[in-house]
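Below you'll find the structure, written out as structure tokens, and then a few comments.
The values are calculated or read from the model by the stated rules, or taken from the named source; none is laboratory data. The shown structure was predicted, so the numbers you read here are calculated from the model rather than taken from an experiment. No Cβ is skipped: glycine too gets one built from the backbone with ideal geometry, and neighbour counts run over all protein chains shown. Heads up: the accessible areas ignore ligands, DNA and RNA and are worked out on the full protein's heavy atoms, side chains in. Shrake-Rupley method; radii C 1.70, N 1.55, O 1.52, S 1.80 Å.
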Amino acid sequence: MTLEELIENFSYLDNWEDRYSYLIDLGNNLENLPEEYKTPEWKVQGCQSQVWLVPQFQDGKLHFLGDSDAILVRGLISIVLMIYNDKSPSEIKNIAIEDIFAKLGLEENLSPSRRNGLMSMVSKIKFYAEQSM
Amino acid sequence: MYNVYEIRKDFPVLSELVNNKPNVFLDSAASAQKPLSVINCMQEIYNHHYANVHRGIYHLSEDITASYEEAREIVKNFINAASSDEVIFTRNATESINLVAATWGRKFLRAGDEVLISQAEHHANLVPWQMLRDEIGISLKVFPIADDGSYLEEEYLKYLTPRTKLVAVTGMSNVLGTIFPLKKMAKQAHQNGALFLVDACQYIVHNKTDVQDIDCDFLAFSGHKTYGPTGIGVLYGKYKILDSMPPYQTGGDMVDTVTYEKTTFMPSPARFEAGTPAIVQAIGLGEALKYMKNLGMENIKAHEDELVSYAKSKWENVKGLTLVGTAPDKGGVFSFVVDGIHPSDLAFVLDKEGISVRTGHHCAAPLVHRMGYETVARASFGLYTTRGDIDALLPAIRKAQKMFL
Ligand SMILES: Cc1ncc(COP(=O)(O)O)c(C=O)c1O
């Protein structure tokens, strides 16, 4: 699925119940992170749920594996990964993720007060991108 | 008892909508809502009476100094301290406990001395002692609680040793709701030669608190949980002990004489209140305690006890719902997990239904782990909580179960 398709799918969902159900589907479809990565080293700090993020660097592009023990957060992670995966560090830097989440009707999940780890995850992705520039 | 629907009018936010749903606020243990009398009192001061305290001899400053010291008097009466000099204003309970660790602890504890806490402590009554342990080599002992969250007297007594110099315990667990028998524990600590510190953050909101009756040496609480403002807390200490302690921070307002060579310090409470204090917050706290006193702590307790029995009757024996912390002596704090649903996922759905609960480790991670969980959800009650609030939870959980399971 492309990001455009995802945005279109979300545009048909006009209440939170349906949006959450769709997020749950996305979460269920997110590939599980191999257990060996579920260590403190790859944990994203400060979350209400456990969140892991593993960066991989290949051919000038960044690829991330992510996971959480909470299903809605997994759904959100799968969107974040769809947005950032296999992009160059400078592409990552220029992505306005807030705009995309607003289009999805999920913008509240990116507020710093929403302690679901998404915000920390995005910061971490940007940090890895910055480091590999 | 009071009419809860009447007093809810004192808390405007309770009748507002949250996510277009009636506001079901079940997170008073994290921070309580504020009655209008507190909000109005603070606004009135900022509008008409504001100045610094303990400074000028002009009218406004003298006036507000009187109000600030009156707030101390209100606190003194609320906890039945022997003197208002035993009441120190801090930022919050966390700072109160840190103050004791940093001043009394550093001065009177030596390597090998033991500080004893329970398994049910908030990080605020755990980490300061760990820091002290790492700094001066005391040892930090933790006495176990039962699997249902109950206090275990035999364990407590087992852990009280001749080396125990301080027992520091919560009066009521912010995760399990367990209420500890403070008076008896204090007596046993004293018989053993140890001082007794109470983290009364939760306890004082729900139980009449009398420091002389408990006979505790220190007691800490936060204003924002007692229906008062943020930024203000209290440390109570017996005067003789406070008088033996060095200052915590130093600067203005707490000094007696200062020369470039040497400074002498004021007695308590000024000694422990360096710099301009949270003046308006202290006065707001006084107003909040007045509000509770007017309702009557016995009435608040009766109202909440009734809610606790009601909640137990509704939530115990529900398939798929597990209460974490079911001690017989329990106040209005209910941690729970729903089979197959991560607490964070659950909270997302409850939020959309207008229900505020807290999820996570509740700043008591070792306790949550000891109970067998990584994270739990928590519903907690205040003096304005209704049976309707309790009734709202299960249908919302059912809705979450439909979505997630
Ligand atoms: C039992 C207990 N102790 C200490 C604290 C810390 O309070 P504060 O953050 O206001 O210092 C809390 C607040 O959550 C608490 O519930």
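At a glance:
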item: Of residues in the range A:41-60 being part of a strand (DSSP E or B) and away from chain B (no Cβ under 14 Å), the one farthest from the chain's Cα centre (by Cα); result: A:Q58
item: Residues located in the range B:116-133, provided they are β-branched (V, I, T) and surrounded by fewer than 21 Cβ atoms within 10 Å (Cβ to Cβ); result: B:V127
item: Filter result (over 17 Å from B:D213 (Cα atoms), crowded, with 23+ Cβ neighbours inside 10 Å and of a type in the set (S, T, Y)) within the range B:152-187; result: B:S173, B:T178
item: Residue ranges of helices (runs of 4 or more DSSP H) in the range B:262-375 with at least 2 members within 14 Å of chain A (Cβ to nearest Cβ); result: B:343-352, B:365-370
item: First in the range B:188-200 and open to solvent by less than 40 Å² (accessible area, probe 1.4 Å), second anywhere and of a type in the set (S, T, Y), Cβ under 7 Å, 6 or more apart; result: B:A194/B:T164; B:D199/B:T170; B:A200/B:T209
item: Any hit, the range A:92-105, residues being open to solvent by less than 10 Å² (accessible area, probe 1.4 Å) and touching a residue at least 60 places away in the same chain (Cβ under 8 Å); result: yes
item: Listing of helices (runs of 4 or more DSSP H) fully contained in the range B:104-207 that carry 3 or more residues being within 12 Å of the ligand (Cβ to nearest atom); result: B:203-206
item: Filtered residues of the range A:1-29 (kept if farther than 21 Å from A:E98 by Cα and away from chain B (no Cβ under 14 Å)); result: A:N29
item: Residue selected from the range A:73-91 under the condition in a helix (DSSP H, G or I) and open to solvent by 30 Å² or more (accessible area, probe 1.4 Å), by the criterion nearest to the other protein chains (Cβ to nearest Cβ); result: A:M82
item: Selection from the range B:227-240 of residues that are in contact (Cβ under 8 Å) with a residue 40 or more places away in the chain and out of contact with any strand residue (DSSP E or B) (no Cβ under 7 Å at 6 or more places or on another chain); result: B:Y227, B:G228, B:P229, B:T230, B:G231, B:K238, B:Y239
item: Of all residues making up the range B:348-370, the number that are over 20 Å from B:E16 (Cβ atoms) and in contact with a Ser or Thr (Cβ under 8 Å, 6 or more places away or on another chain); result: 7
item: Filtered residue count, the range A:28-47, keeping only those that are in contact (Cβ under 8 Å) with a residue 40 or more places away in the chain and either out of contact with any strand residue (DSSP E or B) (no Cβ under 8 Å at 6 or more places or on another chain) or within 25 Å of B:A365 (Cβ to Cβ) (or both); result: 6
item: Residue count for the range B:359-387, restricted to those that are open to solvent by 40 Å² or more (accessible area, probe 1.4 Å) and at pLDDT 95 or above; result: 6
item: Qualifying residue in the range B:228-241 (condition: crowded, with 23+ Cβ neighbours inside 10 Å, more than 14 Å from chain A (Cβ to nearest Cβ), away from the ligand (no atom under 15 Å from the Cβ) and not in a strand (DSSP E or B)); result: no
item: Test result for B:L307, in the same structural domain as B:V205 (by TED's automatic domain parsing), touching a Phe, Trp or Tyr at 6+ places or on another chain (Cβ under 8 Å) and open to solvent by less than 30 Å² (accessible area, probe 1.4 Å); result: no
item: Among the candidates A:A129, A:A70, residue that is within 14 Å of chain B (Cβ to nearest Cβ), more than 9 Å from the chain's Cα centre (by Cα) and either surrounded by 19 or more Cβ atoms within 10 Å (Cβ to Cβ) or modelled with pLDDT under 95 (or both); result: A:A70
item: The range B:12-43, residues that are outside any strand (DSSP E or B), open to solvent by 20 Å² or more (accessible area, probe 1.4 Å) and within 17 Å of B:H206 (Cα to Cα); result: B:A30, B:S31, B:Q33, B:K34
item: Odd one out for B:P395, checked against (1) part of a helix (DSSP H, G or I); (2) closer than 24 Å to A:V51 by Cβ; result: (2)
item: Identity of the residue in the range B:393-403, open to solvent by 30 Å² or more (accessible area, probe 1.4 Å) and of a type outside the set (D, E, K, R), that ends up farthest from B:Y5 (Cα to Cα); result: B:M403
item: Members of the range B:72-103 that are open to solvent by 10 Å² or more (accessible area, probe 1.4 Å), within 16 Å of the ligand (Cβ to nearest atom) and farther than 16 Å from B:G231 by Cβ; result: B:A102
